[in-house]
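What follows is calculated from the coordinates using simple rules that are stated; it is not laboratory data. Note that the structure is a prediction, hence the values are computed from the model and not measured. Because the Cβ atoms are built from the backbone with ideal geometry, glycine has one as well, and the counts that use them run over all protein chains shown.
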């Protein structure tokens, strides 16, 4: 328990120091990869009408598609480190960017486990490339999220749910000026279903609510 907490704290503060943040699923606390082993997966997330506010308090709704490739490594029993790379677009009123790169560093694991029940957490961070449409651009966009969830493992599948905190920041530059934007809310909830697929493969479906709706799907394989 002590070792797990120390590992989780190191990665969480490491993510904050590097200024990177969350994209894609949070996932169940249980790792995809066993200790000393690997897992890989493809993911898609859809952000629908996520609300951000600028320096003047004006609100804008953002929509985004994310496509990611994730690699996981089992650091210890019940704990893993993961890295995602991918592409994302960004849409708002009168704004529609092309796809830009994203990179995510994350860590997940179980604090407590008793039979089919478990409690754990996920911390992950994502940094995006620049989003641009004409003379308007979102620069230095990043996010950070920390989720704590309970899970129930009933053999072929895991059901999980819990609250999470997050932040989203970017600077919007336009002719004649600029403004900082951040997500309107800092709290949300998430839940999902992880299921096994024959041959060592797995899938995950997740829903998150923050200041808008986020849907994620993941398909992968453990090695």
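Per-residue ellipticity at 222 nm from helix content only, as computed over the chain with -39500 (n - 2.57) for each DSSP H run of at least four residues, stands at -2500 deg cm²/dmol.
Fully extending the segment from residue 55 to residue 201, taken as 0.36 nm per residue of separation minus the present Cα-Cα distance, adds 48.0 nm. For the pair region 109-124 and region 164-220, the centres of their Cα atoms are 20 angstrom apart. On a 0 to 90° scale, report how tilted helix 2-18 is relative to the longest principal axis of the chain, with both axes built from alpha carbons and the result rounded to the nearest 10. Approximately 20 degrees, to the nearest ten.
Across the chain, Cα pairs under 8 Å and at least six residues apart give a relative contact order of 22 percent. Evaluated at q = 0.10 Å⁻¹, the base-10 log of the normalised Debye intensity for the chain, with identical point scatterers placed on the Cα atoms, takes the values -0.43. The simple Förster model, with R0 at 25 Å and r as the Cβ-Cβ distance, assigns residue 44 and residue 154 a FRET efficiency of 0.45. Only Cα pairs under 8 Å and 6+ residues apart enter the sum, and on that basis the relative contact order of region 59-104 stands at 36 percent.
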